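Just below is one structure, and these are the notes that go with it.
Bear in mind that the values in this text are calculations on the coordinates, not laboratory data. Every value quoted in this text rests on a predicted model; they were computed, and no experiment measured them. Here the Cβ positions follow ideal geometry from the backbone for every residue, glycine too, while neighbour counts run over all protein chains shown.
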Amino acid sequence: MPRYSFTVNGKAVTVEAPADLPLLWVLRDKLGITGPKYGCGVGVCRACTSHLDGKEIQPCTVRMADCSGKTVTTIEGLADGDKLHPVQQAWLDEDVAQCGYCQPGQIMAAVALLKRTPNPTDADIDKIENVCRCGSYFRIREAIKKAAAAQ
């Protein structure tokens, strides 16, 4: 079985996995990283949203063969020790989460948006395609705006 070496949340890892195994299953089942959630398996719901070399991805659709030598960041890798990332802090301040299932993916999508667009408009925020079944989109919008102002 092929071996893949890459970095996850600042730590070098090597895993044995089939080339076509989705990154999500390596993160969750082989590495015990459970922040990225399984929702649909085809990249539509975006509950698993993470970053690969700093760009937003859905690890349920990224093959292990495409991860070798790269850097993966999940929700677990955002905080700097005990200091939360500004988006995580804004999420708490705005009391965004209801059921919480989609929130890791929502936060990772928001971080990616703010990296691309430091002062997003409502139209920019509306382009985030992550699904929230609880409908907390208004609070998500307010948290993104708060995090943008804090950067």
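Percentage of Cα-Cα pair distances in the chain greater than 18 Å, rounded to whole percent? Spell out each step's value before the answer.
Working: 6189 of 11325 pairs.
Tail of P(r) above 18 Å: 55 percent of Cα pairs.
Highest mean first, what order results for 71-77, 120-126 on Cβ atoms within 10 Å?
Numbers: 71-77: 20.9, 120-126: 13.3.
The peptides rank, most packed first, as 71-77, 120-126.
So what's the back-of-envelope 222 nm ellipticity for the chain, counting only DSSP H runs of four-plus at -39500 (n - 2.57) apiece and dividing by all residues, rounded to 500?
-8000 deg cm²/dmol
Can you work out ³J(HN,Hα) from phi for every residue in segment 120-132, in order, using Karplus 6.51 cos²θ - 1.76 cosθ + 1.60 and θ = phi - 60°, giving whole Hz and x for Gly and Pro?
These are the phi-based 3J(HN,Hα) values: x, 8, 4, 5, 5, 5, 5, 6, 5, 9, 5, 8, 10 Hz.
Once amide H atoms are built 1.01 Å from N in the peptide plane, which residues 5 or more positions from VAL8, or in another chain, come under 5 Å H to H?
VAL13, VAL72
Output the peptides 50-59, 14-23 sorted from most to least packed, where packing is the average of other Cβ atoms within 10 Å over each peptide's residues.
50-59, 14-23
When DSSP beta bridges are limited to those with both residues in the chain, what percentage is antiparallel, rounded to the nearest 5? Kindly include the intermediate steps, with their values, before the conclusion.
Details: 13 of 15 bridges.
Within the chain, antiparallel bridges account for around 85 percent of the total.
Could you tell me the ratio Rg/Rh of segment 30-71? Both radii from Cα atoms, Rh via Kirkwood.
0.94
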